[in-house]
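Structure first, commentary second.
Readers should treat all values here as calculations from the given coordinates under stated rules, not as data from a laboratory. This is a predicted model, so every value here is computed, not measured. Note: ideal-geometry Cβ built from the backbone for every residue, glycine included; neighbour counts use all protein chains shown.
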Amino acid sequence: MSQQDRCEANAGGRLVYAIVQEADVENAMRGCRRCARQLGFSESIVFMVATALVELARNMLYHAAGGTVTINECSRASRWGIELVAIDHGPGIANVALAMQDHFSTRGTLGIGLPAVKRMMDSMDIETVVGQGTTVRACKWL
């Protein structure tokens, strides 16, 4: 893994990417695809997980001026999967229920990012504090 990826491979199958510019989103997406393939996901699921990561990373970039995305191998009982954790220190989400509705946008975009992540992944949790930031965890199981 190259330094220019701004990625550190840690023990336990964890990749951490700082998201501060658009190129970082691309690098994180490539790492996500690589990790999902290594775990044994089908190519269509690899695409969905990578798309979810791109949505989360771009949200951080656009709404919070960046943050970090961590890609983890995860396991529960006898199941293996991939977990995406997006953490920012931006303004937070004032109304999570509204943000999870299709076509709601505070920036004039299509407003489908967070709802799409929820549909593509098997689980998704959002922790947010207005004025302090947001953490989104999403998991896809094999």
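May I ask you to list the residues in the range 72-100 that are in contact with a Pro (Cβ under 9 Å, 6 or more places away or on another chain) and outside any loop (DSSP other than H, G, I, E, B)?
Initial filter on the range 72-100 (in contact with a Pro (Cβ under 9 Å, 6 or more places away or on another chain)): 99-100.
Within the range 72-100, Ala99 is the sole residue that qualifies.
Residues that are in a helix (DSSP H, G or I), among the polar types (S, T, N, Q) and without any contact (Cβ under 8 Å) to a residue 60 or more places away in the chain: does the range 36-47 have at least one?
So far as the range 36-47 goes, yes, one or more of its residues are in a helix (DSSP H, G or I), among the polar types (S, T, N, Q) and without any contact (Cβ under 8 Å) to a residue 60 or more places away in the chain.
I'm checking my understanding of the structure. Among residues of the range 21-48 that are in contact with a helix residue (DSSP H, G or I) (Cβ under 8 Å, 6 or more places away or on another chain), under 25 Å from Ala65 (Cα atoms) and among the aliphatic types (A, V, I, L, M), which one is surrounded by the most Cβ atoms within 10 Å (Cβ to Cβ)?
Only one residue fits best here, namely Ala28.
Right, Asn59: farther than 18 Å from Gln21 by Cα and touching a Gly at 6+ places or on another chain (Cβ under 7 Å) or not? Before the answer, list the steps.
Working: farther than 18 Å from Gln21 by Cα: no; touching a Gly at 6+ places or on another chain (Cβ under 7 Å): yes.
Considered against the rule, which asks whether it is farther than 18 Å from Gln21 by Cα and touching a Gly at 6+ places or on another chain (Cβ under 7 Å), Asn59 comes out as no.
Scan the range 49-70 for residues that are surrounded by 18 or more Cβ atoms within 10 Å (Cβ to Cβ) and assigned to a strand (DSSP E or B) and jot them down.
Listed by number, the residues that qualify are Gly67, Thr68, Val69.
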